[in-house]
Amino acid sequence: MKHKKLLAVLLGIMLALTFTACGSDEKEPGPLLNELKEAEFYQGELTTGMVGDTMKNSFFEWKVNSVKTETELSGKSAGAGKKYVVVNISVKNTTKESFVTGNYDFIGYMEASEDGHLDTADSFYDDMYPDETDLAAGKTLTGDIVFLVDEDVDEIVMDYMEFYGDESIGNTNWVDLKL
């Protein structure tokens, strides 16, 4: 009888662990990230991450805090068959000098082609990451980066590529966003 109870408890534990392992795949990259890698849509060393991962480059650390989709933002409609992708990010200046940053530092990809490139929307509400601002040394700026996509898009990859004053290109950071 003790063996049956022990067996029942062990089976229950195994079943619970199985369902836990089959849960969310939020930390697994989607197919678009791999397609972009194969198409070599990056320069320098590529670092990839998911929502919540801290990305680092020569100028700052940045993290996608959250991602959501909306059909309307601050009274502005995405339009028929479209949706906004709202990506809340934090950017920390890790240098000893201030530098100019803005939402233009980030782009998105919704497919592994030049046609799949997404520019960020210009700021049109208070919580958006600014179009351009001066970020002081050691300071952090948090705001929303907004992309406009077709309503059936279920994954985009957010891109930051280092560009230096001498016009050379450094490394690339990608964050996979499942919508």
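Any read-out appearing in this document is the output of simple, stated calculations on the displayed coordinates, not a laboratory observation. This one's a predicted model, so the numbers in the text were calculated from it and none came from an experiment. With ideal geometry, Cβ positions are generated from the backbone for all residues, glycine too; neighbour counts draw on all protein chains shown.
Averaging 1/r over every pair of different alpha carbons in the chain and inverting the result gives a Kirkwood radius of 18.2 Å.
Here segment 61-127 yields Rg over Rh of 1.01, to two decimals, using C-alpha coordinates and the Kirkwood radius.
By DSSP, what percent of the beta bridges with both residues in the chain are antiparallel, rounded to the nearest 5?
Restricted to the chain, the bridges split so that about 90 percent are antiparallel.
Given DSSP loops and a limit of at most 12 other Cβ atoms within 10 Å, what is the longest stretch of the chain that contains no such GluC sites (Glu not before Pro)? Maximal segment without exposed cleavage sites: 46-96.
Pairs of Cα atoms nearer than 8 Å and 6+ residues apart set the relative contact order; for segment 98-179 it is 30 percent. Label-to-label distance, ALA80 versus LEU46, with points set 7 angstrom from Cα along the beta-carbon direction: 3.8 nm.
Roughly speaking, what % of Cα-Cα pairs in segment 99-179 are separated by over 15 Å, rounded to a whole number? Value for segment 99-179: 63 percent of Cα pairs lie more than 15 Å apart. Only helices enter the 222 nm calculation for the chain: every DSSP H run of n ≥ 4 contributes -39,500 (n - 2.57), and dividing by all residues gives -5000 deg cm²/dmol, rounded to 500.
For GLN43, the shell of other residues with beta-carbons less than 14 Å away shows a net charge of -4, using +1 for Lys and Arg and -1 for Asp and Glu.
Within the chain, what is the longest stretch that has no trypsin sites (Lys or Arg not before Pro) placed in a DSSP loop and near at most 15 other beta-carbon atoms within 10 Å? Segment 28-95 is the longest. What residues of segment 115-148 lie in the reach of a label at GLU70, counting those whose backbone N is under 12 Å from a point 7 Å from the Cα along Cα→Cβ? Residues passing the 12 Å test: 124-129, 144-147.
In segment 27-178, Cα pairs under 8 Å separated by at least six residues give a relative contact order of 30 percent.
Residues of segment 52-80 with amide nitrogen under 12 Å from the 7 Å Cα-to-Cβ point of TYR125? Hits in segment 52-80 for TYR125 at 12 Å: 68-78.
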